[in-house]
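Take a look at the structure set out below.
Nothing in this text is a laboratory measurement; each read-out follows from the coordinates by a stated rule. Owing to the predicted nature of the structure, the values given are computational and were not obtained by experimental measurement. Note that each Cβ is placed from the backbone with ideal geometry, even for glycine, and that neighbours are counted across all protein chains shown.
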Amino acid sequence: MTESCEDVTSVALVSTCCLTLQGETSQHRLLRTSRWRVPRFLDAPQNGYATAGPLPEDRQALPEMIKTFFLLSAVIALVVMIHYEFLFRFTAVMPILKVKHRFRIVLGVLAALVAHSVEVWVFAVVFYIMHHADGWGSFGGNFDGSLAACVYFSFASYTTLGLGDIEPFGEIRFVTGLESLVGLVLITWTASFLYLEMTQYWNRE
């Protein structure tokens, strides 16, 4: 009777081991064949149950990129409207003023410089806020965290001068590249506007 019980127990243990090995083999085969269907951020432990793990870096960076995209869109819209309003108001006000046509060119240059300076200050304020806020990046190098340093860096970026003594890190890098592009476009816009003004009023008395 004892030997029969031992035989039954041995058979049960062997069957359990075989089923366990077969289950593990099936599990591994399933994970291997469907690896493209299982999200990369799911961990598959030995018990066969998938548990949610930390998101990969590319998925974590997606919300940051979306947030930066909306910020850049707002800044672009603001500085373009500022530049447009300066040039439009200039052309609307100058016929009212009783000045010589040649002085009109001088006033146009001054108005354009003021417009560019305001746009540089807009980017400087954005840099200052991003540097002191969490999750937006920071500046390194010869940077003391002041608004004056942000204005200096903004002028260097806007004019595509790029001195390199202040180095941006994180999301601020995208704003820096954008400011250089926007500055180039707006400066070209100003040059075209002044050229039209000069061809129209330069030789008039």
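Residues in region 121-138 that are assigned to a helix (DSSP H, G or I) and in contact (Cβ under 8 Å) with a residue 40 or more places away in the chain: Val122, Phe123, Val126, Phe127, Met130, His131.
Contact annotation: residue pairs with Cβ atoms under 8 Å, 6 or more positions apart or on different chains, pairing a residue in region 185-205 that is over 11 Å from Arg104 (Cα atoms) with a partner that is polar (S, T, N, Q), are Ile187/Thr159.
Being surrounded by 12 or more Cβ atoms within 10 Å (Cβ to Cβ) and touching an Asp or Glu at 6+ places or on another chain (Cβ under 7 Å) holds for only one residue in Gly170, Gly137, Gly177, and it is Gly137. Within the option set Thr176, Thr160, being outside any helix (DSSP H, G or I), in contact with a Ser or Thr (Cβ under 7 Å, 6 or more places away or on another chain) and under 27 Å from Phe86 (Cα atoms) holds for one residue only, Thr160.
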